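The values are calculated or read from the model by the stated rules, or taken from the named source; none is laboratory data. No experiment lies behind these values; they were computed from the predicted model shown. Cβ: placed from backbone, ideal geometry, glycine included. Neighbour counts: every protein chain shown. We work out accessible area using only protein heavy atoms, side chains counted, and drop any ligands, DNA or RNA first. Shrake-Rupley method; radii C 1.70, N 1.55, O 1.52, S 1.80 Å.
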Amino acid sequence: MAAARVRNGGRPTLEEVAARAGVGRGTASRVINGSPRVSEATREAVQAAVAELGYVPNRAARALAGNRTDAIALVVPEPETRFFAEPYFSAIVRGVGAALADTEMQLLLTLAGNDRERRRLAQYLTAHRVDGVLLVAVHADDPLPELLEQLGMPCVISGARHANEPLASVDSDNFDGARAAVEHLITRGRRSVATITGRLEVYGAQRRLDGYRAALAAAGLPPDERLIAPADFTEEGGARAMRELLARRPHLDAVFAASDVMAAGARQVLREADRRIPDDVALIGFDDSVVARHMHPALTSVRQPIEEMGRRMAQLLLEEIAGRVGEERPTVVLPTELVVRDSS
């Protein structure tokens with residue numbers, strides 16, 4: 001073994017560690033990278049070989065030996081304008097960054113808001129230039145998750161795409177958050193409760209609409225599709241939807257918007273129509289972002305733990321990269337909380 005080390009320039013290799021421990025190279029790698037998928041006897045044998053040979057699993061060596069890049073991509077399939085306008089995304093980035101702070105992983109932020117950017121991203125991922133991917137705000141028809149599955153690349157998404165999501169995912173309880181918001185409006189005496197939805201190809205937006213409908217049904221209020229206006233999670237979309245709702249139902253007395261940003265757009269239209277908040281129309285948003293706290297009147301909103309979602313996404317991805325996740329990918333749903341302020 002000493003002669004082999006001289007031939008290799010004096011630096012022991014992972015193969016030599018595996019041979020000394022009497023295990024395969026992959027098993028030795030799992031021990032060195034902290035995987036629990038090895039027996040205690042095997043772990044001790046590999047650790048003893050590491051000590052005897054003086055093996056140092058530095059970052060560069062590990063990356064080369066395991067075909068690792070020590071980098072993960074945070075992919076947002078949205079245009080740059082929405083990324084910087086929506087507080088949700090910055091909170092996710094903060095949470096991911098916090099989870100990676102004590103690791104050697106580099107975080108690459110990638111916006112893929114058009115076909116050209118998506119093609120370039122697909123080429124980048126196909127070349128395996130990252131160890132894993134975090135996907136944020138994935139649409140139901142987005143081809144990226146399927147591409148990642150074909151490549152065998154570890155992936156975690158923020159929010160399932162549908163009820164039977166096969167990928168690891170982290171989300172907040174969109175259904176319960178929306179239901180609590182509408183129940184709050186009903187208990188305050190509101191009877192003509194409208195909603196401004198997000199894009200309904202996003203499963204989370206569907207679940208918020210489901211929660212809205214469930215609260216109305218539980219209170220015995222008849223469904224009225226004219227009180228439902230779709231939008232796109234933007235301030236402009238919220239304003240357009242609010243105009244549509246007032247044209248259809250001018251005497252509505254409450255609005256649940258599926259995001260704080262859309263609620264801000266709705267508030268502006270209500271003001272232009274001389275509808276006082278909350279006297280004439282109560283207003284609730286979703287996210288409990290900085291937008292909610294700085295609105296006047298301050299916005300009642302459903303708080304979702306966005307930074308914690310980012311942290312959990314990153315932690316799940318690191319576990320998947322290390323081989324600690326089985327065939328069945330975990331689904332994490334974090335609780336929401338209604339924060340009552342002056343607007344309701």
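Ranking request for peptides 176-183, 335-342: highest mean number of other beta-carbon atoms within 10 Å first, then the rest in descending order.
176-183, 335-342
In whole angstrom, how far apart do the alpha carbon centroids of the range 76-112 and the range 186-247 sit?
Each part reduced to its Cα centre gives a spacing of 29 Å.
Using only Cα atoms, find the angle between the long axis of helix 306-321 and the longest principal axis of the chain, and express it within 0 to 90 degrees, rounded to the nearest 10.
The helix 306-321 is inclined about 30 degrees to the chain.
Is there a quick way to get the dipole size of the chain? I mean about its Cα centre, with the Cβ of Lys and Arg at +1 and of Asp and Glu at -1; what is the value in debye to the nearest 20? Display every interim value, and only then the final one.
Working: 43 positive and 47 negative charges, 99 e Å.
For this selection, approximately 480 debye.
What is the set of long-range amide H partners of L334 at a cut-off below 5 Å, with H atoms built 1.01 Å from backbone N?
Amide H neighbours of L334, under 5 Å, 5+ apart: D171, S172, D173.
Kindly work out what percent of the DSSP beta bridges joining two residues of the chain are antiparallel, to the nearest 5.
Numbers: 3 of 38 bridges.
Percent antiparallel among DSSP bridges in the chain is about 10.
Probe of 1.4 angstrom, ligands and nucleic acids ignored: what's the accessible area per residue over the chain, in square angstrom?
Solvent-accessible surface per residue comes out at 46 Å².
Quick check on packing: order 102-109, 91-98, 138-145 by the mean number of other C-beta atoms within 10 Å, highest mean leading.
The packing order, highest mean first, is 91-98, 138-145, 102-109.
Whole-Hz ³J(HN,Hα) for each residue in the range 204-220, computed from phi via Karplus 6.51 cos²θ - 1.76 cosθ + 1.60 with θ = phi - 60°, x for glycine and proline: what do you get?
Along the range 204-220, the couplings run x, 5, 4, 5, 5, 5, 4, x, 4, 5, 5, 5, 5, 5, 5, 8, x Hz.
Multiplying the sequence separation of D210 and F84 by 0.36 nm and subtracting their Cα-Cα distance, what value in nm do you get?
Here the answer is 42.5 nm.
Mind running the shape call on the range 283-342? Use the C-alpha gyration tensor, a ≥ b ≥ c as the square roots of the eigenvalues: rounded below 1.5 for a/c, prolate if a/b tops b/c, oblate otherwise.
prolate
Show me the ranking of peptides 268-276, 197-205 by mean Cβ neighbours inside 10 Å, starting with the highest.
For the peptides 268-276, 197-205, the packing ranking is 197-205, 268-276.
Given axes a ≥ b ≥ c from the Cα gyration tensor, I'd like to know whether the chain is rounded (a/c under 1.5), prolate (a/b larger than b/c) or oblate.
Values: a/c = 3.18, a/b = 2.76, b/c = 1.15.
Verdict is prolate for the chain.
From the backbone phi of the range 98-106, what are the Karplus-calculated ³J(HN,Hα) couplings (6.51 cos²θ - 1.76 cosθ + 1.60, θ = phi - 60°) in whole Hz, Gly and Pro given as x?
5, 5, 8, 4, 9, 10, 9, 6, 8
Per the 1.4 Å probe, what fraction of the accessible area of the range 206-324, in percent, lies on carbon and sulfur atoms?
Carbon-and-sulfur percentage of accessible area, whole number: 48.
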